[in-house]
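What follows is calculated from the coordinates using simple rules that are stated; it is not laboratory data. It should be emphasised that the depicted structure is a prediction, and the values quoted were computed from it without experimental measurement. Note that each Cβ is placed from the backbone with ideal geometry, even for glycine, and that neighbours are counted across all protein chains shown.
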Amino acid sequence: MPPRNLLVDGLTLLLFLALCLGIGALGAQVTATSVGTWYADLTKPPFNPPNAVFGPVWTALYVLMAVAAWRVWRAASRDATRGPLTLFALQLAVNLGWSVVFFGLQKIGAAVATIVVLDVAVAVTTLAFRMVDRIAALLMVPYLAWIAFATVLNISIWWLNLAS
């Protein structure tokens, strides 16, 4: 492997951070359109976290995801990383899509289907990352755990609001 270029490595890490945090910011903008109105009026399960928890948790997860993708990018040849990084980009798109479906379109049932696709996409991405860099895969585990929790929460909200 050729010597690392610290400037390129640093700039690429910043690019991954900007990408992930940018997706998070877009999702937050969509979420803000209904979190204080429509979402506030939904019946939620007792384990629903306070709204103030979501921003810090998602910010930390987006940073971990960015570092994971960066580690994969720098760990191997472009041929070896193209597939895992493509999966990473796809799961980011589905992540944003869930916010659009749940908060933007206010379609709880469709959001259940979307988040199940996200669960699979993140699991597959994590496994693909593991083939390139084990630490990158470990950095994805908190995200996978959080969206598994979010899936249970989404299903619970859907169930509790079926008659509404």
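Observations on the structure shown:
- Distance between the pseudo-spin-label points of ASP41 and ALA113 (7 Å out from Cα toward the beta carbon): 2.5 nm.
- For a paramagnetic label modelled on THR33 (point 7 Å from Cα along Cα→Cβ), amide N atoms under 13 Å away belong, within the stretch 94-132, to 97-107.
- Kirkwood-type hydrodynamic radius, the stretch 107-164: 12.2 Å, calculated from all non-identical alpha-carbon pairs.
- Within the chain, helix-based [θ] at 222 nm, where runs of 4 or more DSSP H residues each add -39,500 (n - 2.57), nearest 500: -27500 deg cm²/dmol
- Spin-label pair ALA123-ALA60: with each label point 7 Å from Cα along the Cα-Cβ axis, the two points sit 2.4 nm from one another.
- When the convex hull of its Cα atoms is projected in every direction, mean area for the chain (nm²): 9.4 nm²
- Springs between Cα atoms under 10 Å define the GNM used for the chain, and in it the highest mean-square fluctuation of SER34, SER99, SER77 occurs at SER77.
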